[in-house]
1. Once the piece of chain linking residue 88 and residue 29 is laid out straight, how much longer is it, given 0.36 nm per residue of separation minus the C-alpha distance between them?
2. Taking the Cα-to-Cβ direction at residue 59 and at residue 73 and moving 7 Å from each Cα, how far apart do the two end points lie in nm?
3. Quick check of the Kirkwood formula: for region 1-101, what is the inverse mean of 1/r over all pairs of different Cα atoms, in Å?
């Protein structure tokens, strides 16, 4: 599997876990990886999926450390860089559960009448 195919597979996985849809697009085309998701709270989120062979050890070690403190709790790592915003890192399935998204089978994508390179995506604001 090529790196591009692995990235697409992760996008499909994220769509399944979050109960959303992946946006098919041509390589290099600027568009979100998943359609915007509306949470039960009414808040809308937009996801960008990134896949790497290995994430920084800091992230996995922080999650493991949090899990050791209270195994029955959901581990969250809060990380930041100098002058940057703090980020919360947690397992995707835990995120979906915490924000009230139900993991559903993703409906099959509709056949496009245009090639992906000709498609234009519009986001409702």
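1. 18.4 nm
2. Placing both labels 7 Å beyond Cα along the Cβ direction yields 2.2 nm.
3. On the way: mean 1/r = 0.0650 Å⁻¹.
Computed over region 1-101, the radius equals 15.4 Å.
Since every read-out is calculated from the coordinates, none of them should be taken as a lab result. In this text, all values refer to a predicted model and were calculated from it rather than measured experimentally. Neighbour counts are summed over all protein chains in view; Cβ atoms, including those assigned to glycine, are modelled from backbone coordinates with ideal geometry.
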